[in-house]
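The structure under discussion appears below in the form of C-alpha cells.
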Amino acid sequence: MSHHDANMVKVTDATERIAHWILALSCLFCLISGLGLMFHTWEIIPTILGGYYATKWLHIFSGVVFAMALAYAYFMWAKECRFEKDDLDWILQGGGYLWETEKLPPVYKYNAGQKAFFWCIVVFGILIVLTGLGMWFSDSLPVVVARLAFMLHAMSAFVIGSFFVVHLYLGTIGNPGTVQAMFTGKCTRAWCQTYCPRWLEDHDKNCVA
Amino acid sequence: MKNMDIVKVIDVTKCTACRGCQVACKQWNEQQATRTHNWGSYQNPPDLQSNTWTLIRFQEYVDKDGTFKWLFRKDGCMHCTDAACVKVCPSGALYYTEFGTVGVHRDRCIGCKACVTACPFGIPRHDVRTDKCYKCDLCYTRLLGDQKPACVLSCPTGALTIGDRATMLKKAYARVAELGGDANVYGDKFVGGTHVIYVLGEKPGVYDELPEHPKMPATVLWWKNFFKPFTLIGIGGVAGAAALHYLIKGPHEVKENKEGGE
Amino acid sequence: MEVTRRGFLALTGAMGAGATLGLNLAPTKAYAAELNKMNRLKTAKQYTTVCAYCSCGCGLICSVDNKTGKIFNIEGDPENPINEGALCAKGAGFFDLTEANKYRLKKVQYRAPYSDKWEEKDWAWAFARIARLTKDARDKDFVTTNAKGQLVNRTESVAHLGSSNIDNEECWLISASVRALGLVYIDHQARI
Amino acid sequence: MTNHYIDLKNSDVILIMGSNAAEHHPLAFKWILRAKEKNGARIIHVDPRYTRTSARCDYHVPLRSGTDIAFLGGMINYIISNEKHFHDYVVNYTNASFLVNPDFSFDNGLFSGYDAEKRKYSKDTWTFQMDASGIPLKDPTLTDPRCVFQLMKQHYSRYTLDKVSSITGVSKENLTRVYAEYSATGVPDKAGTECYALGWTQHTVGVQNIRSMAIIQLLLGNMGIAGGGINALRGEPNVQGSTDHCILYGNLPGYLKMPLASLDTLEKYLEKCTPKCKDPQSANYYINYPNFYVSWLKALYGETATPETEFGYQWSPKLDDGKAYSQLHLFDRMYEGKIKGLFAYGTDPAVSSPNSLKTRKALEKLDFLVCANIFDNETSSFWFGPGVDPKQVKTECFLLPAAATMEKEGSQSNSGRWVQWKYKAADPPEDAISCGDIQIRLMDAIKALYAKEGGPNAESILNLKWDYKDRDGNMDVLKVAKQINGHWTADVEIDDKGVKKQFKKGDLVPTFGMLKADGTTACGNWIMSGSFGADGENKMAKRGKDDPTGLGLYPNWSFAWPVNRRIIYNRASCDVNGKPYNPKRKLLEWTGDKWVGDVPDGPWPPMADKEKGKYPFIMKADGVGSLFGPAMADGPFPEHYEPLEGPLTKNPLSGQLNNPAIEIFKADVDQVANASEKFPYVCTTYSCTEHWCSGALTRWQLWLLEMQPELYVEIGEALAKEKGIKNGQKVKVSSARGEVKCVAMVTKRFVPFTVEGQTVHQVGLPFNYGWLFPEDGGDSTNFLTPSVGDANTFCPEFKAFMVNVSKVQERTL
C-alpha cells in the first residue's frame, strides 16, 4: 500500500493493534474498577458496574483478560523493546520532552521511554496478575504471603496507573499523529522520520527489496 | 445514646467450655452446622468457619510448675477500634457501629477476602458457597434491641459479660488483681483497644492462636496509608504533569521533511 | 403467657430511636431481614418453658410468630432465678428440637412382623391394634395367684419402660394406668 | 437434692465427687462458681478423669473408679480420729448415741446375718437396744462401745491413709488435703456440700457411696442447712418428677410401697408400711402413711374405691416378696423370651442399657414393641440394626410421634424439687401428639375392649378413673394436675390447728396434712399436695422473684415439694432451742411461737421443748439422721467392695471381693472378666456436655453433633505410648461382653493409678452414640458394660469395669 501512498507508512499490523487494545482496555477497566473498589467515596463506579459484587468479578475477569493479553504482548514486543546502548543517552536527555536537547540518538522502533513503559507493564503487570491471583485464592496461601499480595497489588496498581496516564498522554495529544498507529496502523513518513528513523530505514529497504 | 462504647469481657478463668455460646451464636444467627469428625480433641469444628463465628478452643497445658491445666478460650471477633478488616474492606461491608464494634452488612460483602487476610487475629472466614465473608457482629441487632448478644445471654458462669467500656475495663482489672499470678487483661492496649477484652489466666503467648502482640499488619498500613493515596496522587499527578507539559511545552511536533529525528 | 424481657442496657426507647436515626449506613434488604428477627422477637407471642435435658430446670422463652404460629426463636429466660437467661450448649440449641428439625417424627410408623420397612398408619388404627395386642398378651399370661397361691393380679408379660423426659402429669397418667393394667415390670431412666 | 441448685452458692466447701457438674449440669456450676465468688468457697473435684469440672475447681484429685467408699471411709476415719465432727449436732440429730443390738457384728467384709446362698442379709441383728417403753437406748456421751458412734469409729479405723491410698490410687497428700479441707466445715458457721450424679449411683455399691457421704454430712452437721446437704444432680429433665410419680416397679406415686403378695389385706399392708416409734418426741411423719395410700387408691379407682372394696387394694397388682422387677430383670426376662410386649416411651435401651447386645437380642423376642419418641432411635429401629435380619424378626413395632416439651403444657420437677410450670408454645408437627394423649387414648381403647370382652381382673381396668380429657378430646393437663394435688370426695369440716374449716366435695386439698384414710380425700401423689391452693391457684406457675432470706430460696417461684419446702430437714439448721447455728445464713429460726424462714419440717417447736418439741428428721421413724442405716440391703455401714469387674483379685480391706448382696445375672451373654489379662484396663463411661443420655435426642441435632461428632475413648498419654496409639487414630475397645470401634483421644487428663503396688490404667468413653444416626458415629458403648446393678437399687455398674484397647488397622484405598 505504501507504494500507492508514499506519505503514509504502515507501522503496526492488525494483530498488534488488537492485542494492544485488549491489553489497554482491560488494563483501563481494571484500573477504573480497581479504583472503585479502593475508594468508598467513588461508589459511583461500582454502582455503574452493577454493584460491588459485580465489580469484583468484572475486575477479576478483566484481570484475566489483561493477563492473557499481557502474555501475548510480551512475546510480540519483547524483542523490539530490548534496551540498547543508545537508550541511556535518550533517557539522559529526557527524550527531548522536558528541555531542548542537542541531538537525541536515533530510535529504532521504540524509544527508551516506550521501552521502559513496556517493561514496566510487563514487570508490574506480572506482579499485579500474580498478586491478583493471590488475593483471589488467598485462603490457600500463608497469611503473610496473602497480606503481601494485597499490598503489592495496590503498589502495582499505583505504578501501572501512573505510567498508564503517561502513555495515554504521549500516545495522544502529547505526540500528535501517534494515535493513528493504534487505529489505522499508518503514520506519516514524517512521523516515522521523527520517532523511529532507523526502523524506517529498514522498512524502506525491505519494501524496495 | 448512640456512640456508646460497648465492651464484652471474656473471662477465660470462669469458662467451663460448655459451649453454650457456640450454639447460641449459631441459633440466633441461623448458621448451619457442618459434618465434622472427631480429630482427637473436644474442639470442634477444629477452627472458626464461615458458619462458626465463635469457637471454644481446648488446650492441654502444663505450666512452669508442672501443674496440668486445661485451658479454654472462646475465640471470635475482637472488635478492634482500629480494625484492619474495616480498613481493608472495599465495599463498606465491614463498618464501625455506634457501639464501637465492627458490624457486617452481609449483602454488601463481595467475598474479596481482604478482611480474612488482614485481621491480626485471623477471625473472618470466607464461604465459597455464598462467596461472602463472615464473622461475629456482636449481635448488632440484639444490641439495638437492648438485648445481650446471644453468647453473653447464654453464658452460665459469667465468663461472658458486657457493658460500657470504662466499667468493664475496671472489672477486668479488678478480676486480674484478684487472680494474681500470670493473670492479665488482653485487648485494651493494642489496635486502639478491642471491644472484646480477655481476662487471661496465663500469659497471652501460652494460648493457641492468640497473637501476643497483635497489631494492624504493616502490609495493610502500606497499602492503605501509602499506596492507596499514592495511586491517586500518582495518577492525578501524572495527569496534571501531562497537562502542564502540554500547556508549557506543547505537543511534540513532528518535523516535516527534516533529516534525522529527535 | 407473656413475660417481660429484661433489657441489659436499660436504655430502651431512647436507645432504639437514637441508634436507628444515627445509622447512616442505609440498611439494605438482607440487613432489614436481620433486624426483622429482633423486631419479630419483640412482637412475638412468648411462652416460657423448661429445658428438657439435665435436671437444673432452666427456663426458656419460646417466641412464636404471630402469623405462622410457629416457634422461630428459643432463648434463656432471664427472669428464671435458676439460669437467669443462661443456657448450656444443649439448652442453647433447644430450637433444634422444634419442628424446624427435619428429623422429627410426624406420622405413626408401623412395622409388621418380618417386614423390612416402616409403613405410615393413622392413630385410630394404631390404638386399636396396640390395645388388641396388649389385651391378648395380658390375658394370656395373667397371673391371678402366684406360686404360693397368693392373690397377685398381675401380668408379667407386658412391660413399661420410661420416661423421665415427659411432664409430671403424663408421668402420673402412665404410673396410674400401668398399675391398673397389672404391670409389674415398670421402670424408667431413674435407674440408669 | 436435699437442697436445690441456687443454694449451692451458700456453701463454703463444695466437694464434687461422682459428678462432672460443669459438663453435665452447666447451670449448677453457675451456682458453684457463685459460691467461689461470694464466699471464697473451695471447690474440690474427685474423679478418675480430669474434666471441664476439674478445670474450674481449686484442684482435682484423681481416684480409681469404684473406690469412693474407701476414699470416704478414710474421711470418716479422719473426722472421728481428729474430732472434727460437730458434736452437738451428732449427739442430738443423729443416731450416734443409739445402742446397737449386741448380736450385730462385722467380720472380714460381712455383716451379721448373711446368707451366702441367697446373697442376702437377714437384718434381724441390725437393730437398736430398746428400753421398756420401746425407745432406743442412748449414750449421749458416745462412749459406750455398743453405741453407733463407737461401732462406726471401729469400722472405719481400718480405713487408714495407707490403705485408702493403696486402694484408690490417691496420694496420701491429696487424701489429707481433701479430708482436712472438707472436715473443716464441721463447725456451726461453715457449710459443706456434696454434688454427685451417676458417678456414684452407677456402681454395685452405688447407694452406699451416697450413704458414706450422708454419714460425713451428718457428722459435720451439714444436713438441713443452707449451703449443705447431699445433692444429686440428676440427669434428666423430669427424672425427679418421674421418680416422684414412681414409674418404678417397687413404688407408687409419692414413694408409697407397691403391695406385696404376702400382704393380702389392705389392713396388713398399711400395718406393715406405717413405721412405728414410741418416742413421743419423734414426729414420725410416715404415721400418716394410710392417709396417703388410701387417697392414692381413691385417685386411681375413683368412686369404686370404697371401704367395702378395700379401696381397690385387691385389684392392684402385687409383687412377690423379695423379688425385683427392675430394668435389668426386665431385659433378663425378655432375653428368656418371657416378656411379650414392651412400651418404651422416650427411652432408648438398645443404646442405654448395660450389656446392650443382650438388650438388642432380647428385643427380637418380643411380640410387640410400642415406642413413643420425637426422633427415631436404635430401640424402635432395632429390627434393622447391625447384624439383624428383618426377615427373622417377628416383633410388631409401633413408632409413635410424640410432642416435644415446648409443644405441650405441664409441669416438670428439677433436681431441687422445684416443680415448674411450662406452657405450650406451638402445636406438634403433623400427627404428633403428647405422650399423655397417647396414654389416654390407648387406655380408652383398652378399656373399651375390656368393657366388651371382659378378662382377668377386668375390674382394675374398668374401674380406673380415666376422665382426663377436655371438650376436644385432648388431655386436660390441669385436670390431671389437680387430681395429683388431691381433692375432697365429700363435704367435710376440718379442724386445722384449732380453726374449723369447711370444704366441699371437689375442693382441692391445700396440703397433704389434710389427707384422710377414710375415703374422703383422693390424691394422686401426696407429696405434690399443695401444688394448688385451695382457691385453685396453680402454685407451680408462680413467678415471684422475692427472696426474703437472701439465701436464694425464692419461695414464690414455682412450687417445691413437700409443701414448698426449699431445703429438706431444715430444722437441723438450728440448735435444739431453734436458734440458727449459723446466724449469717439464717435458714430458719424459732421465735418462741413459730418458725420463721423457709417452710419448716413441721410446725412443732424445736426439740429442747420436751413436751411439744420434735426431732428434726421428721420423715425418719426415730426423728434423727441415720449414721447406722439398717434399711440398706448391703449393710448398715458402707463398706468398700471392689466393682464386679476390677483389676484386683483380692479386696485389700477384707476377704469379700464384691458387694455380697448384689444379684448376679446368669444369661449366656452375661460374661464377667475380673482381673483378667485380656482386659487389663479400668474403664468408665460418661456423657458429654454436647449430648444427652443415649444421644437419642441430641445426635439428631446437627449443631450439637458438630461439636461431638463421634464416639471416642479417652486414653492417658502413658497408656497410649505403651500401646503405640496416636491421638485421633481409630481404636477398638473390648470387654468380655462386646467391642466398639472409636477414635482415640490421647490426653493428659487420664493418669495411671498405683493400686496395691501395681500400675493401673484407666480409660473412659462417652455413652451417647448409636448406629442409627449419624451413620459413622459409632455404636453403643454399653456393648462393653456388664448387666449387674447396685444391691439396693439395681442401678447398673456403668462406671467401673474392665476393657482392652487396641489399634485398628484402617484400610487404605
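The values are calculated or read from the model by the stated rules, or taken from the named source; none is laboratory data. Being a predicted model, the structure only gives us computed values, none of them experimental. Virtual Cβ from ideal backbone geometry, glycine too; neighbours counted across all protein chains shown. Surface areas here come from the heavy atoms of the whole protein model, side chains and all, with no ligands, DNA or RNA. Shrake-Rupley method; radii C 1.70, N 1.55, O 1.52, S 1.80 Å.
Calculate the mean, over all residues of peptide D:649-661, of how many other protein chain Cβ atoms lie within 10 angstrom of the residue's Cβ. Display every interim value, and only then the final one.
On the way: counts 0, 0, 0, 0, 0, 0, 0, 0, 0, 0, 0, 0, 0.
Partner Cβ neighbours, averaged per residue: 0.
Percent of Cα-Cα pairs more than 12 Å apart in region A:154-209, please. Write out the running numbers ahead of the final one.
Numbers: 1105 of 1540 pairs.
Of all Cα-Cα distances in region A:154-209, 72 percent exceed 12 Å.
Over the Cα atoms of region D:593-651, what is the Rg over Rh ratio if Rh follows Kirkwood? Provide the component values of the computation, followed by the final result.
Working: Rg = 19.4 Å, Rh = 15.1 Å.
A ratio of 1.28.
How long are the semi-axes of the equivalent ellipsoid of region B:37-103, defined as square roots of 5 times the Cα gyration tensor eigenvalues? Whole Å, largest first. Before the final figure, lay out the partial values.
Working: eigenvalues 207, 53, 16 Å².
Semi-axes from the Cα gyration tensor: 32, 16, 9 Å.
By a straight-distance test (C-alpha under 17 Å), which lysines pair with B:Lys224 as possible cross-link partners, with residues fewer than eight away in the same chain excluded?
Within the straight-line cut-off, B:Lys224 pairs with B:Lys87, B:Lys113, B:Lys215.
I'd like the Kirkwood hydrodynamic radius of region C:84-185, using the inverse of the mean 1/r over distinct C-alpha pairs, in Å.
Roughly 17.4 Å, rounded to one decimal.
Ignoring everything except DSSP H segments at least 4 long, calculate the 222 nm mean residue ellipticity for chain D; use -39,500 (n - 2.57) per segment, divide by total residues, nearest 500. All intermediate terms of the calculation are to be shown ahead of the outcome.
Working: 21 runs with 185 residues, N = 813.
Taking each H run of at least 4 residues, the total per residue is -6500 deg cm²/dmol.
Calculate the spin-label point distance for A:Val144 paired with C:Arg40, positioning each point 7 Å from the Cα along the beta-carbon direction, and give it in nanometres.
A separation of 4.7 nm, rounded to one decimal place.
Computed on protein heavy atoms with a 1.4 Å probe, what is the summed buried accessible area for the chain pair D and B, in Å² to the nearest 100?
Values: alone 33360 and 14680 Å², together 45020 Å².
Interface area, both chains combined: 3000 Å², rounded to the nearest 100.
Shape of region D:332-453 from its Cα gyration tensor (a ≥ b ≥ c, root eigenvalues): rounded if a/c is under 1.5, otherwise prolate when a/b > b/c, or oblate? It would help to have the intermediate numbers written out before the result.
Working: a/c = 1.93, a/b = 1.46, b/c = 1.32.
It comes out prolate by the Cα gyration axes.
In whole Å, what are the Cα extents of the protein assembly as shown along the three principal axes, biggest one first?
Sorted from largest, the Cα extents of the protein assembly as shown read 147, 72, 67 Å.
Within region C:158-179, list the residues whose amide N lies under 13 Å from a label point set 7 Å along Cα→Cβ of C:Lys140.
Residues passing the 13 Å test: C:158.
Residue separation times 0.36 nm, minus the C-alpha to C-alpha distance between D:Asp444 and D:Asp609: what's the value? Don't skip to the answer; put the middle values down first.
On the way: separation 165, 0.36 × 165 = 59.40 nm, distance 5.50 nm.
Computed gain between D:Asp444 and D:Asp609 is 53.9 nm.
Computed on alpha carbon atoms, what radius of gyration and Dmax characterise region D:414-479, expressed in Å?
Answer for region D:414-479, Rg first and Dmax second: 15.5, 46 Å.
Can you tell me the FRET efficiency between B:Trp39 and D:Arg158 if r is taken as the Cβ-Cβ distance and R0 is 41 Å, rounded to the nearest 0.05?
Values: r = 47 Å, r/R0 = 1.15.
It comes to 0.30.
At 222 nm, what value in deg cm²/dmol follows for chain A if DSSP H runs of at least 4 each add -39500 (n - 2.57) and the sum is divided by all its residues, to the nearest 500? Walk me through the numbers on the way to the answer.
On the way: 8 runs with 137 residues, N = 209.
Value at 222 nm, helices only: -22000 deg cm²/dmol.
What's the percent breakdown of Cα-Cα distances in region D:707-813 across 10 Å bins, shortest bin first?
Per 10 Å bin, starting at zero, the Cα-Cα P(r) for region D:707-813 comes out as 14, 42, 33, 9, 1, 0 percent.
Rounded to a whole number, what % of the accessible area of region B:1-143 do carbon and sulfur atoms account for, probe 1.4 Å?
On the way: 2100 of 4030 Å².
Of all accessible area on region B:1-143, carbon and sulfur atoms account for 52 percent.
Under 1.5 on a/c is rounded, so check that first for region D:31-95, then, if it is not, pick prolate when a/b is larger than b/c and oblate when it is not; a ≥ b ≥ c are the square roots of the alpha carbon gyration tensor eigenvalues. Walk me through the numbers on the way to the answer.
Working: a/c = 2.87, a/b = 1.36, b/c = 2.11.
Cα axes put region D:31-95 in the oblate bin.
Roughly what % of Cα-Cα distances in region D:452-597 sit above 23 Å, to the whole percent? Provide the component values of the computation, followed by the final result.
Values: 5586 of 10585 pairs.
Pairs farther apart than 23 Å: 53 percent.
Can you spot the lysines whose alpha carbon is less than 18 Å from A:Lys79's alpha carbon? Ignore those fewer than 8 places along the same chain.
List returned: A:Lys109, A:Lys115.
Translational D (Stokes-Einstein, µm²/s) of region D:656-767 at 37 °C and 0.692 mPa s when Rh comes from the Kirkwood sum over C-alpha pairs? Let's see the in-between values first.
Working: Rh = 16.0 Å.
In µm²/s, the coefficient rounds to 205.
Output the Cα-based Rg and Dmax of chain B in Å, rounding Rg to one decimal and Dmax to a whole number.
24.4, 93
Please quote Rg/Rh for region D:133-265 to two decimal places, taking the Kirkwood radius as Rh and restricting both calculations to Cα atoms. Kindly include the intermediate steps, with their values, before the conclusion.
Working: Rg = 19.0 Å, Rh = 18.3 Å.
Ratio value, two decimals: 1.04.
Separation of region D:411-429 and region D:723-785 by C-alpha centroid, Å?
Region D:411-429 and region D:723-785 have Cα centres spaced 36 Å from each other.
Would you mind checking the radius of gyration and Dmax of region B:1-126 based on alpha-carbon positions, in Å?
Just the Cα atoms of region B:1-126 yield Rg and Dmax of 16.4, 51 Å.
How high is the relative contact order of chain D, given as a whole-number percent (alpha carbon pairs under 8 Å, six or more residues apart)? Write down the numbers at each step before the final one.
Values: 1850 pairs, mean separation 132.0, N = 813.
Reported as a whole number, the value is 16 percent.
Hey, any idea what the orientation-averaged projected area of the convex hull of region D:193-272's Cα atoms comes to, in nm²? Walk me through the numbers before you get to the answer.
Numbers: hull surface 29.1 nm².
Mean shadow area of the hull around the Cα atoms is 7.3 nm².
With N set to the residue count of chain A, report its C-alpha Rg divided by 2.2 N^0.38 Å to two decimal places. Each step should come with its number before you reach the end.
Working: Rg = 19.5 Å, N = 209, 2.2 N^0.38 = 16.8 Å.
For chain A, the normalised Cα radius of gyration is 1.17.
Viscosity 0.692 mPa s, temperature 37 °C: what is the translational diffusion coefficient of chain D from Stokes-Einstein with a Kirkwood Rh over Cα pairs, rounded to a whole number of µm²/s? List each step's numbers first, then the result.
Details: Rh = 27.9 Å.
In µm²/s, the coefficient rounds to 118.
Rounded, prolate or oblate: which fits region D:1-155, taking a ≥ b ≥ c as square roots of the Cα gyration tensor eigenvalues, rounded meaning a/c under 1.5, else prolate when a/b beats b/c?
Details: a/c = 2.54, a/b = 1.75, b/c = 1.45.
Taking the square roots of the gyration eigenvalues as a ≥ b ≥ c, region D:1-155 is prolate.
Exceeding 19 Å between C-alpha atoms, which entries from my cross-link table qualify? They are D:Lys358/D:Lys666; B:Lys26/B:Lys135; D:Lys272/D:Lys620; D:Lys38/D:Lys594; C:Lys140/D:Lys340.
Beyond 19 Å between Cα atoms: D:Lys38/D:Lys594.
Counting protein heavy atoms only and a 1.4 angstrom probe, how many square angstrom of accessible surface do chains C and D bury in total, to the nearest 100?
12600 Å²
Cα-Cα over 21 Å: which of C:Lys42/C:Lys90; C:Lys107/C:Lys135; C:Lys135/D:Lys318? Numbers along the way, then the final one.
On the way: C:Lys42/C:Lys90 24 Å; C:Lys107/C:Lys135 24 Å; C:Lys135/D:Lys318 19 Å.
As for pairs spanning more than 21 Å Cα to Cα, those are C:Lys42/C:Lys90; C:Lys107/C:Lys135.
Using the 2.2 N^0.38 Å rule of thumb for compact globular proteins, work out how region D:62-134 stacks up: its C-alpha Rg over that value, please. Could the numbers behind the result be given before it?
Working: Rg = 16.2 Å, N = 73, 2.2 N^0.38 = 11.2 Å.
Against the empirical 2.2 N^0.38 Å value, I get 1.44 for region D:62-134.
log₁₀ I(q)/I(0) of region D:500-572 at q = 0.12 Å⁻¹, via Debye over equal Cα point scatterers, no solvent, to two decimals?
Listed by q, the Debye log ratios stand at -0.39.
Hey, got the average number of other protein chain Cβ atoms within 10 angstrom for residues in C:122-129?
On the way: counts 1, 8, 2, 0, 9, 10, 4, 5.
Other-chain Cβ atoms within 10 Å of each residue's Cβ, averaged: 5.
Can you give me the three principal axis dimensions of region D:549-688 from its C-alpha atoms, in Å, biggest first?
Dimensions of region D:549-688 along the principal axes of its Cα atoms: 67, 38, 29 Å.
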